[in-house]
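Here the structure is laid out as C-alpha cells; the discussion comes afterwards.
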Amino acid sequence: MKTTKGYAAQNATAPLAPFTLERRTLEPKDVQFDIIYCGVCHSDLHMAKNEWSGTVYPIVPGHEMVGKVTSVGTDVKKFKVGDLVGVGCLVDSCRDCDNCKKGLEQFCRNGSTGTYNGKDKISGGVTYGGYSKQIVVTEDFVLKVSEKLPLANVAPLLCAGITTYSPLRHWKVGKGHKVAVIGLGGLGHMAVKFAASFGADVTMLSTSPEKEKDARLLGAHHFALTKNPEDLKNLVGKFDFIIDTVSAPHNYNQYLAMLNTDGIMICVGAPPTPSEIMAFSLIGGRKSLAGSLIGGLPETQEMLDYCAEHNIVSEVEIIPMDYINTAYERMLAGDVKYRFVIDMSTL
Ligand code: NAP
Ligand code: ZN
Ligand code: ZN
C-alpha cells in the first residue's frame, strides 16, 4: 500500500477536508496515474451528504478524473508511462456476466465497483475517488484521452458526458427529433451539446432566466423558463424526447405533459426523494418514462473519441481543492457554469 493525499468528508454534515488515504500496491494489470484534474458531479454532493443513504465514511468523492500514467503493472497492454488517461464512475466489475459481456459494466449482475464508496475486490477496502493526487485502477477500466482537447475540459466527459451521450445513442436521437433538456448544469449542458451535435432540435427547460444566452451558445435552438406558466402552456405535446437532469425533487407530471404521442422522458437526474407520477400522465399519448445510468466502458471510449473528433468538451470553472465546499454550496444554488473542475496541483 502507498499513501497519497486527498479530500474527504468524515460524516454527512462535515465539510470536506484534507485526508491521507492508501492506494493498493500495483497488481500486474494495474495502471497508476497522477490525477491532474477532477470534475465535481452533483452525485459527489449527494453521496458526501449521504442523501441517497449507504455512504461509508470517510468518503473521498470524484469520478471524473484525467491524468498521466506514472507506472504500469507487468501485464498491462494498453497503456504506458506518460499516456493521458481518464477514469469515470466505475473501477471494476465481474467482466463475465451477460451485461459485462455486452459492455454494460454499469449493470453488472455481480455488482460493479464504484470509483468511490465501492468495495475494492483486490484490496478488500473501500474505494476512494478522484479528489486526490493519485489512483490505481485495473487497465480495463482506464480510458484513453486524446491529446487534442484541453484536459480540464475533458474531465467532466467521464461522467456528465457519458451519462448524457449514452441515452441519446440508445434511443437513436437525431435529425427530425424534438428534444428537451431539463436543467442547465453539468449534465444538462453536455446533453444540449450532444443532442445538437446529433442533429436534433433542442429546447432548454430551465429555472434560471440568466442562463438563456449560454443555452443558445451551447447549441439549444429554443429556451423556456419552467417557472413561467405561459412558457409551459406552449410546450404541451411538443417533444419526442425529454432528458431530465434535475438533482432536486420536481414535478414529473408537468414535464410528461410536454411529450408528443409515443414520446419518452429519460431520467438521468437522481433526486433523493420519491415523486408522485400520475398514470394519466403516461396513458394519454402512450408515453414512456425511462432512466439511464452512466454508460459502459466501450461506449465511454466511443464518446471520448467522438468528442475528440467533433471538438466537444465541457464548459468548466477551474477551482483549487480548498474551494470544494463553496463549490458544493454554489451547485445547490444552481450556480454552476457549467462544471467545477478541481486543479489537483492545488492539493
Ligand atoms: P448540477 O450541475 O447541479 O445541475 C442540476 C441542474 O438542475 C441545475 O443547474 C438547475 O438547472 C436544475 N435544478 C436544480 N434544482 C432544481 C429544481 N428544484 N427544479 C428544477 N430544476 C432544478 O447537477 P449535475 O451534476 O448535472 O447532476 C444532475 C443530477 O444527475 C444529480 O441528481 C446527479 O446525481 C445525477 N447524475 C446521474 C447520473 C446517472 O448515471 N443517471 C450520472 C451523474 C449524475 P437550471 O438552473 O437550468 O434550472
Ligand atoms: Zn457523476
Ligand atoms: Zn458483470
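Give the separation of the Cα centroids, the stretch 274-300 to the stretch 103-142, in Å.
Spelled out, the Cα-based centre of one part sits 27 Å from the other.
Taking the Cα of Leu26, stepping 7 Å toward and past its beta carbon, and measuring to each backbone N in the stretch 38-73: which are under 13 Å?
What the label zone holds, given the 13 Å backbone N cut-off, is 69-73.
What net charge is computed for the residues neighbouring Asp75, neighbours being all others with C-beta under 12 Å from the C-beta of Asp75, Lys and Arg scored +1, Asp and Glu -1?
After counting each charged neighbour, the total is -1.
Apply the Karplus parameterisation 6.51 cos²θ - 1.76 cosθ + 1.60, with θ equal to phi minus 60°, to every residue of the stretch 2-8 and state each ³J(HN,Hα) to the nearest whole Hz, in sequence, with x for glycine and proline.
Along the stretch 2-8, the couplings run 10, 8, 8, 8, x, 10, 9 Hz.
Among Ile36, Ile312, Ile294, Ile122, what is the fewest-to-most ranking by other Cβ atoms within 10 Å?
Final ranking by Cβ density, sparse to dense: Ile122, Ile36, Ile312, Ile294.
Counting each DSSP H run of 4 or more residues in the chain as -39500 (n - 2.57), what helix-only mean residue ellipticity at 222 nm follows after dividing by all residues, to the nearest 500 deg cm²/dmol?
-6000 deg cm²/dmol
Which far-off residues, 5 or more places away or on another chain, put their amide H under 5 Å from the one on Ile266, with H placed in the peptide plane?
Distant-sequence amide H within range of Ile266: Ile242, Ile243, Asp244, Ala290.
So what are the ³J(HN,Hα) numbers for the stretch 318-329, from phi and the Karplus equation (6.51, -1.76, 1.60; θ = phi - 60°), rounded to whole Hz, Gly and Pro as x?
My calculation for the stretch 318-329 gives 7, 10, x, 4, 6, 8, 4, 5, 5, 4, 4, 4 Hz in order.
Taking the beta-carbon count within 10 Å as an exposure proxy, list Cys89, Cys94 from fewest neighbours to most.
With the sparsest Cβ surroundings first, the list reads Cys94, Cys89.
Provide the per-residue ³J(HN,Hα) series for the stretch 307-317, in order, calculated from phi with Karplus coefficients 6.51, -1.76, 1.60 and θ = phi - 60°, each as a whole number of Hz, with x at glycine and proline positions.
Karplus-based 3J(HN,Hα) across the stretch 307-317 equals 5, 5, 5, 9, 6, 9, 9, 7, 8, 10, 10 Hz.
What residues have an amide H closer than 5 Å to that of Ile319, excluding those fewer than 5 places away on the same chain, when H is modeled at 1.01 Å from N in the peptide plane?
Val341, Ile342, Asp343
Can you run the Rg to Rh ratio on the stretch 6-50? Use alpha carbon positions and the Kirkwood inverse-distance Rh.
1.05
Between rounded, prolate and oblate, where does the stretch 85-129 land on the alpha carbon gyration tensor, with a ≥ b ≥ c its root eigenvalues, rounded for a/c under 1.5, else prolate if a/b exceeds b/c?
oblate
Rounded, prolate or oblate: which fits the stretch 159-306, taking a ≥ b ≥ c as square roots of the Cα gyration tensor eigenvalues, rounded meaning a/c under 1.5, else prolate when a/b beats b/c?
In terms of gyration-tensor shape, rounded.
Given 0.36 nm per residue, what is the gain on full extension from Asn311 to Asn253 after removing their alpha carbon distance, in nm?
That works out to 17.3 nm of additional length.
Lys and Arg at +1, Asp and Glu at -1: add these up for the other residues within a Cβ distance under 12 Å of Lys2 and post the number.
Every neighbour counted, the sum reads +2.
How far apart, in nm, are the 7 Å Cα→Cβ label points at Ser345 and Glu210?
Between Ser345 and Glu210, the simple spin-label model gives 3.0 nm.
Name the long-range amide H neighbours of Thr138: under 5 Å, sequence gap of 5 or more, or other chain; modelled H, no Pro or chain starts.
Sorted by chain and number, the residues that satisfy this are Val31.
Every number in this text was worked out from the coordinates using simple rules, so none of it is lab data. Remember, it's a predicted structure, so these values are computed and weren't measured experimentally. Because the Cβ atoms are built from the backbone with ideal geometry, glycine has one as well, and the counts that use them run over all protein chains shown.
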